[in-house]
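I have placed the structure first, in the form of structure tokens, so that the comments after it can refer back to it.
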Amino acid sequence: MTEEQANSNSDSSTENATATMLPPAKKPVRTPPKELPQYKVLLHNDKVNSFEHVVRSIVQLTTITPDQALQNTIEAHTHGLSLLFITHRERAELYHEQFMSLSLSVTIEPA
């Protein structure tokens, strides 16, 4: 079969084909992402850990500055409790475990 015959056969087969009209595709409706529930990470005073250990641990585990960590430590010592920050639940749980591994008393609760 020559090239012209092959082209001729392919042209005739496309001429005989019927096109099926499909309805336009519907765009999926995008719902905005839901905000994750927020949780407080609370530092509690204890009689075991030194100020230095508490401040160093806060700075080591978080993005809190040394000055702010000292303020949080003083607040926990004075008032028994200090709010370190608010974050989503999974991260709050992770921080809780990390602080506990350093012998610090930290709890989380819904914000």
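Between amide H atoms placed 1.01 Å from N, distances below 5 Å from Y39 occur with T87, H88, R89, A111, all of them 5 or more places distant or on a separate chain.
Phi-derived couplings, Karplus 6.51 cos²θ - 1.76 cosθ + 1.60 at θ = phi - 60°, listed residue by residue for the range 40-48: 7, 10, 10, 8, 9, 6, 9, 9, 9 Hz, with x used for Gly and Pro.
Residue-wise HN-Hα couplings along the range 97-111, as the Karplus relation 6.51 cos²θ - 1.76 cosθ + 1.60 with θ = phi - 60° gives them from phi, are 4, 5, 5, 4, 5, 9, 6, 9, 8, 10, 10, 10, 8, x, 7 Hz; Gly and Pro carry x.
Read the figures in this text as sums done on the coordinates, not as results from a lab. A quick note: this is a predicted structure, and the numbers were derived from the prediction, not measured.
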